[in-house]
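First comes the structure, then the notes that go with it.
The values are calculated or read from the model by the stated rules, or taken from the named source; none is laboratory data. Everything quoted here is computed from the prediction, not taken from an experiment. Cβ: placed from backbone, ideal geometry, glycine included. Neighbour counts: every protein chain shown. These accessible areas exclude ligands, DNA and RNA; they are computed on the full protein's heavy atoms, side chains included. Shrake-Rupley method; radii C 1.70, N 1.55, O 1.52, S 1.80 Å.
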Amino acid sequence: MAYSRIKENTIHGLFFFNGVLVIVVLVGIFVLLITKSMPAFKEISLLHFLFSFKWNPTASFVEPSYGIWSMIVSTFMVSIGALFIALPLGVGTAAYLSDVASYRVREIFKPLVEILAGIPSVVIGFLGIVLVGPVIAKIFRLSNGLNALNGAILLAIMALPTIISLSEEALKGVPKSFEEASLALGATKWQTLTRVKIPAALSGIIAASMLGMGRAIGETMTVLMATGCALAMPKSFLDSVQTMTATIAIELGEVPYDTTHYYALFAIGLVLFIITFVINMISDIILHKYQRVIK
Amino acid sequence: MDNCKITVHNFNFYYGGVKVLKNISMEIPENRVTGIIGPSGCGKSTFLRSINRMNDTILGARAEGRIVIDGRNIYDDDIDVVGVRRKVGMVFQKSNPFPKSIFENVAYGLRINGEKDRYRIEEAVEKSLKDAALWDEVKDRLNKNAFELSGGQQQRLCIARALAVEPEILLMDEPASALDPTATLKIEELIQELKKKYTIVIVTHNMQQAARISDFTAFFMLGELIEYNITSIIFTKPSRKITEDYITGRFG
(Lines give C-alpha, C1' and ligand atoms only; values in the text may rest on other atoms or scores of the structure.)
Protein backbone atom coordinates (compact mmCIF):
# COMPACT_ATOMS: atom_id res chain seq x y z
CA MET A 1 0.00 0.00 0.00
CA ALA A 2 2.60 2.50 1.15
CA TYR A 3 4.97 1.28 -1.55
CA SER A 4 2.47 1.79 -4.34
CA ARG A 5 1.75 5.29 -3.05
CA ILE A 6 5.45 6.16 -3.08
CA LYS A 7 5.69 4.84 -6.61
CA GLU A 8 2.63 6.85 -7.62
CA ASN A 9 4.08 10.02 -6.10
CA THR A 10 7.47 9.46 -7.68
CA ILE A 11 5.97 9.06 -11.13
CA HIS A 12 3.78 12.07 -10.53
CA GLY A 13 6.84 14.08 -9.53
CA LEU A 14 8.79 12.89 -12.52
CA PHE A 15 6.17 14.00 -15.00
CA PHE A 16 5.75 17.29 -13.18
CA PHE A 17 9.51 17.83 -13.40
CA ASN A 18 9.45 17.17 -17.14
CA GLY A 19 6.67 19.67 -17.60
CA VAL A 20 8.45 22.31 -15.55
CA LEU A 21 11.69 21.69 -17.40
CA VAL A 22 10.14 22.82 -20.69
CA ILE A 23 9.01 26.05 -19.11
CA VAL A 24 12.41 26.58 -17.48
CA VAL A 25 14.18 26.13 -20.81
CA LEU A 26 11.79 28.52 -22.53
CA VAL A 27 12.14 31.19 -19.87
CA GLY A 28 15.88 30.57 -19.74
CA ILE A 29 16.28 31.25 -23.46
CA PHE A 30 14.18 34.37 -23.17
CA VAL A 31 16.20 35.68 -20.21
CA LEU A 32 19.49 34.88 -21.96
CA LEU A 33 18.41 36.75 -25.07
CA ILE A 34 17.33 39.75 -23.03
CA THR A 35 20.48 39.95 -20.91
CA LYS A 36 22.72 39.43 -23.91
CA SER A 37 20.96 41.98 -26.05
CA MET A 38 20.45 44.73 -23.46
CA PRO A 39 24.04 46.04 -23.68
CA ALA A 40 23.48 46.72 -27.37
CA PHE A 41 20.82 49.27 -26.55
CA LYS A 42 23.30 51.34 -24.54
CA GLU A 43 24.80 52.36 -27.87
CA ILE A 44 21.87 52.00 -30.26
CA SER A 45 18.43 53.45 -29.83
CA LEU A 46 15.64 50.89 -30.14
CA LEU A 47 13.96 52.89 -32.88
CA HIS A 48 17.13 53.11 -34.91
CA PHE A 49 17.71 49.42 -34.41
CA LEU A 50 14.26 48.38 -35.60
CA PHE A 51 13.51 50.90 -38.31
CA SER A 52 16.76 52.02 -39.85
CA PHE A 53 17.71 49.92 -42.82
CA LYS A 54 21.40 50.46 -42.71
CA TRP A 55 23.29 47.55 -41.17
CA ASN A 56 27.01 48.20 -41.24
CA PRO A 57 28.48 47.19 -37.88
CA THR A 58 32.06 46.89 -39.11
CA ALA A 59 32.39 50.27 -40.76
CA SER A 60 35.86 51.61 -40.13
CA PHE A 61 35.78 55.12 -41.58
CA VAL A 62 32.24 56.10 -40.71
CA GLU A 63 30.09 55.53 -37.65
CA PRO A 64 28.92 51.87 -37.61
CA SER A 65 25.16 51.49 -37.90
CA TYR A 66 22.85 48.81 -36.64
CA GLY A 67 19.51 49.02 -38.43
CA ILE A 68 17.71 45.75 -39.08
CA TRP A 69 14.63 47.02 -40.91
CA SER A 70 15.74 45.60 -44.24
CA MET A 71 16.22 42.20 -42.60
CA ILE A 72 12.80 42.32 -40.97
CA VAL A 73 11.25 43.19 -44.32
CA SER A 74 13.27 40.45 -46.02
CA THR A 75 12.24 37.89 -43.45
CA PHE A 76 8.56 38.72 -43.81
CA MET A 77 8.78 38.89 -47.58
CA VAL A 78 10.30 35.45 -47.79
CA SER A 79 8.01 33.83 -45.25
CA ILE A 80 4.76 35.48 -46.33
CA GLY A 81 5.69 34.72 -49.91
CA ALA A 82 6.22 31.11 -48.83
CA LEU A 83 2.81 31.11 -47.20
CA PHE A 84 1.13 32.37 -50.37
CA ILE A 85 2.64 29.49 -52.30
CA ALA A 86 2.24 26.80 -49.64
CA LEU A 87 -1.30 27.56 -48.48
CA PRO A 88 -3.25 26.75 -51.67
CA LEU A 89 -0.99 23.80 -52.41
CA GLY A 90 -1.17 22.52 -48.85
CA VAL A 91 -4.92 22.90 -48.43
CA GLY A 92 -5.49 21.39 -51.85
CA THR A 93 -3.38 18.38 -50.98
CA ALA A 94 -5.06 18.05 -47.59
CA ALA A 95 -8.50 18.15 -49.20
CA TYR A 96 -7.41 15.58 -51.74
CA LEU A 97 -6.10 13.28 -49.01
CA SER A 98 -9.09 13.62 -46.72
CA ASP A 99 -11.89 13.61 -49.28
CA VAL A 100 -10.87 12.31 -52.67
CA ALA A 101 -7.99 9.87 -52.40
CA SER A 102 -8.71 6.19 -51.98
CA TYR A 103 -7.46 4.46 -48.87
CA ARG A 104 -4.44 3.03 -50.67
CA VAL A 105 -3.34 6.28 -52.26
CA ARG A 106 -3.65 7.97 -48.88
CA GLU A 107 -1.51 5.35 -47.18
CA ILE A 108 1.23 5.86 -49.75
CA PHE A 109 0.93 9.63 -49.83
CA LYS A 110 1.00 10.41 -46.13
CA PRO A 111 4.40 8.87 -45.33
CA LEU A 112 5.81 10.68 -48.37
CA VAL A 113 4.62 14.00 -46.94
CA GLU A 114 6.30 13.06 -43.68
CA ILE A 115 9.55 12.30 -45.48
CA LEU A 116 9.39 15.74 -47.05
CA ALA A 117 9.39 17.16 -43.52
CA GLY A 118 12.54 15.22 -42.75
CA ILE A 119 14.69 16.58 -45.57
CA PRO A 120 17.53 18.61 -44.02
CA SER A 121 17.28 22.32 -44.72
CA VAL A 122 20.77 22.38 -46.18
CA VAL A 123 19.64 19.95 -48.86
CA ILE A 124 16.68 22.17 -49.69
CA GLY A 125 19.07 25.11 -49.89
CA PHE A 126 21.21 23.13 -52.28
CA LEU A 127 18.13 22.51 -54.39
CA GLY A 128 17.59 26.26 -54.44
CA ILE A 129 21.06 26.92 -55.78
CA VAL A 130 21.21 24.26 -58.48
CA LEU A 131 17.57 24.00 -59.53
CA VAL A 132 15.18 26.77 -58.46
CA GLY A 133 17.75 29.55 -58.88
CA PRO A 134 18.66 28.82 -62.52
CA VAL A 135 14.99 28.36 -63.41
CA ILE A 136 14.07 31.73 -61.89
CA ALA A 137 17.05 33.36 -63.60
CA LYS A 138 15.94 31.96 -66.93
CA ILE A 139 12.27 32.92 -66.59
CA PHE A 140 12.91 36.48 -65.42
CA ARG A 141 16.15 36.95 -67.38
CA LEU A 142 18.29 37.70 -64.33
CA SER A 143 22.02 37.21 -63.91
CA ASN A 144 21.30 34.85 -61.01
CA GLY A 145 18.25 33.43 -59.33
CA LEU A 146 19.30 33.81 -55.71
CA ASN A 147 16.59 36.12 -54.43
CA ALA A 148 13.53 36.46 -52.21
CA LEU A 149 11.35 34.48 -54.62
CA ASN A 150 13.76 31.57 -54.51
CA GLY A 151 13.74 31.64 -50.70
CA ALA A 152 9.94 31.82 -50.66
CA ILE A 153 9.61 28.79 -52.93
CA LEU A 154 12.02 26.75 -50.81
CA LEU A 155 10.40 27.75 -47.55
CA ALA A 156 7.02 26.87 -49.07
CA ILE A 157 8.34 23.36 -49.69
CA MET A 158 9.48 23.21 -46.07
CA ALA A 159 6.20 24.53 -44.68
CA LEU A 160 4.09 22.17 -46.81
CA PRO A 161 4.28 19.07 -44.59
CA THR A 162 3.08 21.04 -41.55
CA ILE A 163 0.27 22.68 -43.49
CA ILE A 164 -0.80 19.44 -45.18
CA SER A 165 -0.82 17.31 -42.02
CA LEU A 166 -2.58 19.84 -39.81
CA SER A 167 -5.09 20.89 -42.47
CA GLU A 168 -5.91 17.29 -43.21
CA GLU A 169 -6.47 16.70 -39.52
CA ALA A 170 -8.69 19.78 -39.35
CA LEU A 171 -10.73 18.54 -42.32
CA LYS A 172 -11.00 15.08 -40.81
CA GLY A 173 -12.16 16.69 -37.57
CA VAL A 174 -15.20 18.16 -39.28
CA PRO A 175 -18.10 16.02 -38.06
CA LYS A 176 -19.40 13.58 -40.64
CA SER A 177 -22.90 14.84 -39.93
CA PHE A 178 -22.10 18.18 -41.63
CA GLU A 179 -21.01 16.35 -44.74
CA GLU A 180 -24.09 14.15 -44.71
CA ALA A 181 -26.40 17.11 -44.24
CA SER A 182 -24.83 18.85 -47.20
CA LEU A 183 -24.95 15.79 -49.48
CA ALA A 184 -28.54 15.09 -48.48
CA LEU A 185 -29.48 18.57 -49.67
CA GLY A 186 -28.22 17.69 -53.11
CA ALA A 187 -24.80 19.28 -52.87
CA THR A 188 -21.98 17.83 -54.91
CA LYS A 189 -18.79 16.61 -53.23
CA TRP A 190 -17.00 19.74 -54.40
CA GLN A 191 -19.69 22.05 -52.99
CA THR A 192 -19.64 20.14 -49.72
CA LEU A 193 -15.88 20.54 -49.51
CA THR A 194 -15.67 24.22 -50.36
CA ARG A 195 -18.83 25.46 -48.68
CA VAL A 196 -19.09 23.31 -45.58
CA LYS A 197 -15.94 21.38 -44.77
CA ILE A 198 -13.26 23.98 -45.46
CA PRO A 199 -15.17 26.78 -43.67
CA ALA A 200 -15.77 24.47 -40.71
CA ALA A 201 -12.08 23.58 -40.64
CA LEU A 202 -10.95 27.11 -41.37
CA SER A 203 -9.53 27.95 -37.97
CA GLY A 204 -7.58 24.71 -38.00
CA ILE A 205 -6.26 25.56 -41.44
CA ILE A 206 -5.32 29.08 -40.36
CA ALA A 207 -3.55 27.69 -37.32
CA ALA A 208 -1.72 25.22 -39.55
CA SER A 209 -0.48 27.95 -41.83
CA MET A 210 0.59 30.10 -38.87
CA LEU A 211 2.66 27.21 -37.55
CA GLY A 212 4.07 26.66 -41.00
CA MET A 213 4.96 30.32 -41.16
CA GLY A 214 6.48 30.22 -37.68
CA ARG A 215 8.82 27.57 -39.00
CA ALA A 216 9.56 29.54 -42.16
CA ILE A 217 10.49 32.66 -40.22
CA GLY A 218 13.00 30.81 -38.07
CA GLU A 219 14.51 28.87 -40.96
CA THR A 220 18.17 29.75 -41.48
CA MET A 221 20.26 27.54 -43.69
CA THR A 222 17.94 27.47 -46.70
CA VAL A 223 17.50 31.22 -46.90
CA LEU A 224 21.17 31.75 -46.25
CA MET A 225 22.04 29.65 -49.27
CA ALA A 226 19.30 30.64 -51.66
CA THR A 227 18.44 34.29 -51.17
CA GLY A 228 21.71 35.86 -52.23
CA CYS A 229 22.54 37.55 -48.93
CA ALA A 230 22.35 41.21 -49.91
CA LEU A 231 21.95 43.66 -47.08
CA ALA A 232 19.77 46.17 -48.81
CA MET A 233 16.17 47.17 -48.78
CA PRO A 234 14.50 44.79 -51.26
CA LYS A 235 12.31 46.43 -53.86
CA SER A 236 10.75 43.27 -55.27
CA PHE A 237 10.77 39.53 -54.91
CA LEU A 238 13.46 39.38 -57.58
CA ASP A 239 15.97 41.24 -55.39
CA SER A 240 18.50 39.42 -53.30
CA VAL A 241 17.78 39.67 -49.61
CA GLN A 242 19.26 38.71 -46.27
CA THR A 243 16.98 37.61 -43.47
CA MET A 244 17.48 38.11 -39.75
CA THR A 245 18.40 34.46 -39.25
CA ALA A 246 20.97 34.53 -42.04
CA THR A 247 22.64 37.61 -40.56
CA ILE A 248 23.01 35.95 -37.18
CA ALA A 249 24.37 32.77 -38.71
CA ILE A 250 26.86 34.58 -40.91
CA GLU A 251 28.17 37.10 -38.42
CA LEU A 252 28.02 35.50 -34.99
CA GLY A 253 30.98 33.21 -35.68
CA GLU A 254 33.32 36.06 -36.52
CA VAL A 255 32.23 38.89 -34.30
CA PRO A 256 34.59 39.94 -31.48
CA TYR A 257 33.20 39.10 -28.06
CA ASP A 258 31.73 41.87 -25.89
CA THR A 259 31.24 44.41 -28.64
CA THR A 260 28.10 46.26 -29.59
CA HIS A 261 27.99 44.22 -32.76
CA TYR A 262 28.03 41.03 -30.70
CA TYR A 263 25.14 42.18 -28.54
CA ALA A 264 23.23 43.52 -31.52
CA LEU A 265 23.18 40.03 -33.02
CA PHE A 266 21.54 38.77 -29.84
CA ALA A 267 19.04 41.58 -30.13
CA ILE A 268 18.14 40.33 -33.61
CA GLY A 269 17.59 36.91 -32.04
CA LEU A 270 15.33 38.49 -29.44
CA VAL A 271 13.22 40.19 -32.10
CA LEU A 272 12.96 36.90 -33.97
CA PHE A 273 11.99 35.08 -30.80
CA ILE A 274 9.25 37.59 -30.05
CA ILE A 275 7.87 37.37 -33.60
CA THR A 276 7.67 33.56 -33.63
CA PHE A 277 6.32 33.55 -30.08
CA VAL A 278 3.49 35.89 -31.06
CA ILE A 279 2.71 33.88 -34.19
CA ASN A 280 2.59 30.61 -32.26
CA MET A 281 0.38 32.17 -29.62
CA ILE A 282 -2.07 33.49 -32.20
CA SER A 283 -2.29 30.09 -33.87
CA ASP A 284 -2.87 28.48 -30.50
CA ILE A 285 -5.71 30.87 -29.69
CA ILE A 286 -7.31 30.26 -33.08
CA LEU A 287 -6.99 26.51 -32.64
CA HIS A 288 -8.70 26.58 -29.24
CA LYS A 289 -11.51 28.73 -30.52
CA TYR A 290 -12.02 26.22 -33.29
CA GLN A 291 -12.22 23.25 -30.94
CA ARG A 292 -14.83 25.02 -28.82
CA VAL A 293 -17.06 25.81 -31.77
CA ILE A 294 -17.06 22.26 -33.07
CA LYS A 295 -18.09 20.82 -29.72
CA MET B 1 -54.49 2.59 -51.54
CA ASP B 2 -53.51 6.18 -52.30
CA ASN B 3 -51.35 7.35 -55.13
CA CYS B 4 -48.04 5.53 -54.97
CA LYS B 5 -44.92 7.72 -54.76
CA ILE B 6 -42.13 5.26 -54.10
CA THR B 7 -42.12 1.65 -55.23
CA VAL B 8 -39.51 -0.72 -53.89
CA HIS B 9 -38.90 -3.91 -55.90
CA ASN B 10 -36.92 -6.82 -54.49
CA PHE B 11 -34.39 -4.53 -52.86
CA ASN B 12 -31.29 -6.03 -51.26
CA PHE B 13 -28.49 -4.21 -49.56
CA TYR B 14 -25.02 -5.33 -48.50
CA TYR B 15 -22.35 -3.89 -46.25
CA GLY B 16 -19.20 -5.66 -47.35
CA GLY B 17 -20.35 -9.25 -47.53
CA VAL B 18 -23.18 -8.89 -45.04
CA LYS B 19 -26.72 -8.73 -46.37
CA VAL B 20 -28.55 -6.17 -44.26
CA LEU B 21 -31.74 -5.75 -46.32
CA LYS B 22 -33.38 -8.86 -47.71
CA ASN B 23 -35.67 -8.70 -50.66
CA ILE B 24 -37.73 -5.70 -49.61
CA SER B 25 -40.78 -4.85 -51.72
CA MET B 26 -43.26 -2.17 -50.74
CA GLU B 27 -45.22 0.78 -52.05
CA ILE B 28 -45.08 4.10 -50.25
CA PRO B 29 -48.11 6.37 -50.84
CA GLU B 30 -47.97 10.03 -51.72
CA ASN B 31 -48.83 12.69 -49.12
CA ARG B 32 -48.98 10.19 -46.31
CA VAL B 33 -46.73 9.46 -43.36
CA THR B 34 -45.22 6.00 -43.55
CA GLY B 35 -43.62 4.84 -40.34
CA ILE B 36 -40.89 2.24 -40.16
CA ILE B 37 -40.50 0.41 -36.87
CA GLY B 38 -38.39 -2.49 -35.69
CA PRO B 39 -35.72 -3.43 -33.16
CA SER B 40 -32.20 -1.96 -33.34
CA GLY B 41 -30.13 -3.30 -36.18
CA CYS B 42 -33.16 -4.42 -38.20
CA GLY B 43 -32.08 -2.35 -41.20
CA LYS B 44 -34.70 0.39 -40.94
CA SER B 45 -32.17 3.24 -41.09
CA THR B 46 -30.29 1.54 -43.92
CA PHE B 47 -33.57 1.24 -45.81
CA LEU B 48 -34.37 4.90 -45.27
CA ARG B 49 -30.91 5.95 -46.43
CA SER B 50 -31.35 3.82 -49.54
CA ILE B 51 -34.22 6.02 -50.69
CA ASN B 52 -31.93 9.03 -51.22
CA ARG B 53 -28.78 7.00 -51.88
CA MET B 54 -27.03 8.32 -48.77
CA ASN B 55 -25.52 4.85 -48.38
CA ASP B 56 -23.35 5.63 -51.38
CA THR B 57 -20.94 7.41 -49.07
CA ILE B 58 -20.21 4.20 -47.16
CA LEU B 59 -17.24 2.18 -48.33
CA GLY B 60 -18.07 -1.32 -49.55
CA ALA B 61 -21.85 -0.83 -49.65
CA ARG B 62 -23.78 -2.40 -52.52
CA ALA B 63 -27.43 -2.34 -53.55
CA GLU B 64 -29.47 -4.77 -55.64
CA GLY B 65 -33.00 -4.40 -56.93
CA ARG B 66 -34.92 -1.25 -57.66
CA ILE B 67 -36.36 1.75 -55.89
CA VAL B 68 -38.63 3.63 -58.24
CA ILE B 69 -39.60 7.22 -57.56
CA ASP B 70 -42.09 8.79 -59.98
CA GLY B 71 -41.41 6.08 -62.52
CA ARG B 72 -37.62 6.34 -62.40
CA ASN B 73 -35.36 3.71 -60.81
CA ILE B 74 -32.92 5.69 -58.68
CA TYR B 75 -30.40 2.84 -58.88
CA ASP B 76 -30.10 3.05 -62.66
CA ASP B 77 -26.51 3.58 -63.76
CA ASP B 78 -27.23 6.84 -65.55
CA ILE B 79 -29.19 8.45 -62.73
CA ASP B 80 -28.08 11.82 -61.37
CA VAL B 81 -27.59 11.08 -57.67
CA VAL B 82 -27.39 14.76 -56.77
CA GLY B 83 -30.75 15.27 -58.49
CA VAL B 84 -32.26 12.40 -56.48
CA ARG B 85 -31.12 13.97 -53.24
CA ARG B 86 -32.64 17.32 -54.18
CA LYS B 87 -35.95 15.61 -54.70
CA VAL B 88 -35.68 13.46 -51.57
CA GLY B 89 -34.84 15.53 -48.49
CA MET B 90 -33.56 14.05 -45.28
CA VAL B 91 -33.67 14.90 -41.58
CA PHE B 92 -31.19 13.06 -39.40
CA GLN B 93 -31.46 11.52 -35.96
CA LYS B 94 -29.14 14.02 -34.39
CA SER B 95 -29.78 17.58 -35.47
CA ASN B 96 -26.85 18.66 -37.60
CA PRO B 97 -27.02 22.35 -38.48
CA PHE B 98 -23.94 23.78 -40.17
CA PRO B 99 -21.67 26.04 -38.11
CA LYS B 100 -23.22 29.02 -39.87
CA SER B 101 -25.96 31.51 -39.09
CA ILE B 102 -29.59 30.44 -38.92
CA PHE B 103 -30.24 32.25 -42.18
CA GLU B 104 -27.29 30.71 -43.98
CA ASN B 105 -28.27 27.22 -42.85
CA VAL B 106 -31.62 27.48 -44.59
CA ALA B 107 -30.20 29.38 -47.56
CA TYR B 108 -27.52 26.74 -48.16
CA GLY B 109 -29.64 24.47 -50.34
CA LEU B 110 -30.64 27.41 -52.53
CA ARG B 111 -27.12 28.69 -52.87
CA ILE B 112 -25.73 25.34 -54.00
CA ASN B 113 -28.48 25.32 -56.60
CA GLY B 114 -27.04 28.53 -57.94
CA GLU B 115 -29.71 30.90 -56.62
CA LYS B 116 -28.11 34.35 -56.27
CA ASP B 117 -31.11 36.64 -56.05
CA ARG B 118 -31.01 38.01 -52.51
CA TYR B 119 -34.74 38.73 -52.45
CA ARG B 120 -35.75 35.24 -53.58
CA ILE B 121 -33.41 33.66 -51.04
CA GLU B 122 -34.87 35.75 -48.23
CA GLU B 123 -38.35 34.84 -49.29
CA ALA B 124 -37.58 31.12 -49.43
CA VAL B 125 -35.82 31.20 -46.05
CA GLU B 126 -38.81 32.88 -44.43
CA LYS B 127 -41.25 30.46 -46.02
CA SER B 128 -39.22 27.40 -45.03
CA LEU B 129 -38.83 28.59 -41.46
CA LYS B 130 -42.57 29.24 -41.28
CA ASP B 131 -43.30 25.79 -42.69
CA ALA B 132 -41.02 24.29 -40.07
CA ALA B 133 -42.86 26.28 -37.33
CA LEU B 134 -39.68 28.04 -36.31
CA TRP B 135 -40.08 31.51 -37.84
CA ASP B 136 -41.61 33.23 -34.82
CA GLU B 137 -38.86 31.98 -32.54
CA VAL B 138 -35.93 33.04 -34.72
CA LYS B 139 -37.10 35.92 -36.92
CA ASP B 140 -35.26 38.50 -34.80
CA ARG B 141 -31.96 36.64 -34.74
CA LEU B 142 -31.49 35.15 -38.17
CA ASN B 143 -27.82 36.12 -38.17
CA LYS B 144 -27.04 34.32 -34.93
CA ASN B 145 -25.10 31.07 -35.03
CA ALA B 146 -27.38 28.03 -35.37
CA PHE B 147 -25.66 26.38 -32.41
CA GLU B 148 -27.26 28.94 -30.09
CA LEU B 149 -30.65 27.34 -30.63
CA SER B 150 -32.07 24.63 -28.35
CA GLY B 151 -32.01 21.00 -29.46
CA GLY B 152 -35.62 21.02 -30.62
CA GLN B 153 -35.16 24.31 -32.45
CA GLN B 154 -32.03 22.96 -34.14
CA GLN B 155 -33.98 19.96 -35.38
CA ARG B 156 -36.74 22.18 -36.78
CA LEU B 157 -34.03 24.30 -38.40
CA CYS B 158 -32.75 21.14 -40.10
CA ILE B 159 -36.30 20.46 -41.28
CA ALA B 160 -36.54 24.03 -42.61
CA ARG B 161 -33.20 23.56 -44.36
CA ALA B 162 -34.48 20.40 -46.03
CA LEU B 163 -37.76 22.10 -47.03
CA ALA B 164 -35.97 25.06 -48.61
CA VAL B 165 -34.88 23.05 -51.64
CA GLU B 166 -38.54 22.05 -52.17
CA PRO B 167 -38.21 18.29 -52.11
CA GLU B 168 -41.17 16.03 -52.79
CA ILE B 169 -40.25 13.38 -50.29
CA LEU B 170 -38.97 13.88 -46.76
CA LEU B 171 -37.06 11.10 -45.02
CA MET B 172 -36.81 11.34 -41.26
CA ASP B 173 -34.46 9.14 -39.26
CA GLU B 174 -35.73 9.14 -35.66
CA PRO B 175 -35.98 12.92 -35.77
CA ALA B 176 -37.23 13.26 -32.20
CA SER B 177 -35.21 10.60 -30.41
CA ALA B 178 -32.81 13.12 -28.87
CA LEU B 179 -35.51 15.60 -27.84
CA ASP B 180 -37.57 16.18 -24.71
CA PRO B 181 -41.35 15.48 -24.78
CA THR B 182 -42.39 19.09 -25.50
CA ALA B 183 -40.00 19.41 -28.41
CA THR B 184 -41.06 15.95 -29.63
CA LEU B 185 -44.71 17.00 -29.61
CA LYS B 186 -43.85 20.05 -31.70
CA ILE B 187 -42.07 17.92 -34.28
CA GLU B 188 -44.98 15.49 -34.40
CA GLU B 189 -47.49 18.29 -34.96
CA LEU B 190 -45.22 19.64 -37.64
CA ILE B 191 -45.13 16.27 -39.43
CA GLN B 192 -48.94 16.25 -39.55
CA GLU B 193 -48.80 19.67 -41.20
CA LEU B 194 -46.06 18.70 -43.62
CA LYS B 195 -47.74 15.60 -45.01
CA LYS B 196 -50.20 17.83 -46.86
CA LYS B 197 -47.35 18.82 -49.16
CA TYR B 198 -44.79 16.06 -48.83
CA THR B 199 -44.53 12.32 -48.81
CA ILE B 200 -42.97 11.44 -45.48
CA VAL B 201 -41.10 8.30 -44.50
CA ILE B 202 -40.11 8.23 -40.85
CA VAL B 203 -38.04 5.75 -38.94
CA THR B 204 -38.88 5.60 -35.28
CA HIS B 205 -37.86 3.59 -32.29
CA ASN B 206 -40.88 4.71 -30.41
CA MET B 207 -44.00 2.68 -31.13
CA GLN B 208 -46.41 5.13 -29.55
CA GLN B 209 -44.98 7.74 -31.87
CA ALA B 210 -45.48 5.52 -34.90
CA ALA B 211 -49.05 4.87 -33.81
CA ARG B 212 -49.70 8.61 -33.31
CA ILE B 213 -48.23 10.07 -36.48
CA SER B 214 -48.07 7.52 -39.27
CA ASP B 215 -50.82 6.50 -41.68
CA PHE B 216 -49.02 3.35 -42.72
CA THR B 217 -46.55 1.31 -40.71
CA ALA B 218 -43.91 -1.14 -41.83
CA PHE B 219 -42.36 -3.56 -39.34
CA PHE B 220 -38.78 -4.59 -40.12
CA MET B 221 -36.81 -7.34 -38.45
CA LEU B 222 -33.35 -8.72 -39.20
CA GLY B 223 -33.33 -7.03 -42.57
CA GLU B 224 -36.73 -8.32 -43.65
CA LEU B 225 -40.01 -6.53 -44.08
CA ILE B 226 -42.26 -8.60 -41.82
CA GLU B 227 -45.49 -6.73 -42.16
CA TYR B 228 -46.74 -3.56 -43.81
CA ASN B 229 -50.24 -2.17 -43.49
CA ILE B 230 -52.45 0.69 -42.36
CA THR B 231 -51.18 1.79 -38.96
CA SER B 232 -54.39 1.01 -37.07
CA ILE B 233 -54.37 -2.56 -38.38
CA ILE B 234 -50.72 -3.12 -37.49
CA PHE B 235 -51.34 -1.95 -33.97
CA THR B 236 -54.70 -3.63 -33.35
CA LYS B 237 -54.79 -6.86 -35.30
CA PRO B 238 -51.41 -7.64 -36.88
CA SER B 239 -51.41 -10.76 -39.05
CA ARG B 240 -48.09 -12.07 -37.82
CA LYS B 241 -47.40 -13.26 -34.30
CA ILE B 242 -43.93 -11.71 -34.28
CA THR B 243 -45.35 -8.26 -35.07
CA GLU B 244 -47.73 -8.57 -32.17
CA ASP B 245 -44.91 -9.64 -29.86
CA TYR B 246 -42.89 -6.60 -30.87
CA ILE B 247 -45.62 -3.98 -30.59
CA THR B 248 -46.80 -5.32 -27.25
CA GLY B 249 -43.23 -4.96 -26.00
CA ARG B 250 -42.37 -8.61 -25.57
CA PHE B 251 -38.96 -7.97 -27.12
CA GLY B 252 -36.97 -5.18 -28.71
Exercise. Set Lys and Arg Cβ to +1 and Asp and Glu Cβ to -1, take the dipole of the protein assembly as shown about its Cα centre, and tell me which of A:G67, B:G60, A:V223 lies farthest positive.
Key: B:G60
Self-check item: Cβ-placed point charges (K, R +1; D, E -1), dipole of the range B:4-247 about Cα centre in debye, nearest 20
Solution: 160 debye
Quiz item: Taking chain B as a Gaussian network, where each spring joins two C-alpha atoms under 10 Å apart, which residue of B:E166, B:E30, B:E189 fluctuates the most?
Solution: B:E189
Exercise. Please state the charge dipole magnitude for the protein assembly as shown, taken about the Cα centre, from unit charges on C-beta atoms (+1 on K and R, -1 on D and E), reported in debye and rounded to the nearest 20.
Key: 440 debye
Self-check item: the range A:100-199 - percent relative contact order, Cα under 8 Å, separation 6 or more
Solution: 21 percent
Quiz item: Across the range A:245-252, in residue order, what do the Karplus-derived ³J(HN,Hα) couplings come to in whole Hz, using 6.51 cos²θ - 1.76 cosθ + 1.60 with θ = phi - 60° and x for Gly and Pro?
Solution: 4, 4, 4, 4, 5, 6, 8, 5
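So if we plug the beta-carbon distance of A:A230 and A:F16 into 1/(1 + (r/R0)^6) with R0 = 60 Å, what FRET efficiency do we get, rounded to 0.05? Walk me through the intermediate numbers first.
Numbers: r = 49 Å, r/R0 = 0.82.
Computed FRET efficiency for A:A230 and A:F16: 0.75.
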Quiz prompt | GNM result for chain A, Cα springs below 10 Å: residue of A:E251, A:E114, A:E63 fluctuating most strongly | solution = A:E63
Self-check item: Listed residues B:V84, B:V125, B:V165, most fluctuating in chain B (Gaussian network, C-alpha, under 10 Å)
Solution: B:V84
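Among the listed pairs A:K36/A:K289; A:K176/A:K289; A:K176/B:K241, which are separated by more than 31 Å between their Cα atoms? Spell out each step's value before the answer.
Details: A:K36/A:K289 36 Å; A:K176/A:K289 20 Å; A:K176/B:K241 39 Å.
Long pairs (Cα-Cα over 31 Å): A:K36/A:K289; A:K176/B:K241.
Express the carbon and sulfur contribution to the solvent-accessible surface of the protein assembly as shown as a percent, rounded to the nearest whole number, probe 1.4 angstrom. Walk me through the intermediate numbers first.
Working: 16470 of 26840 Å².
It is 61 percent, rounded to a whole number.
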Quiz item: Farthest toward the dipole's positive end in the protein assembly as shown, which of B:F219, B:M172, A:A208, given Cβ charges of +1 (Lys, Arg) and -1 (Asp, Glu) about the Cα centre?
Solution: B:F219
Exercise. Pop out the ³J(HN,Hα) list for the range B:45-50 in order, Karplus 6.51 cos²θ - 1.76 cosθ + 1.60 with θ = phi - 60°, rounded to Hz; leave Gly and Pro as x.
Key: 5, 4, 4, 4, 6, 6
Quiz item: With the dipole of chain B worked out from charges on the C-beta (+1 for Lys and Arg, -1 for Asp and Glu) around the Cα centre, which of B:Q93, B:V18, B:L157 lies farthest toward the positive end?
Solution: B:V18
Exercise. Over the Cα atoms of chain A, compute the convex hull volume and normalise it per residue, giving Å³.
Key: 207 Å³
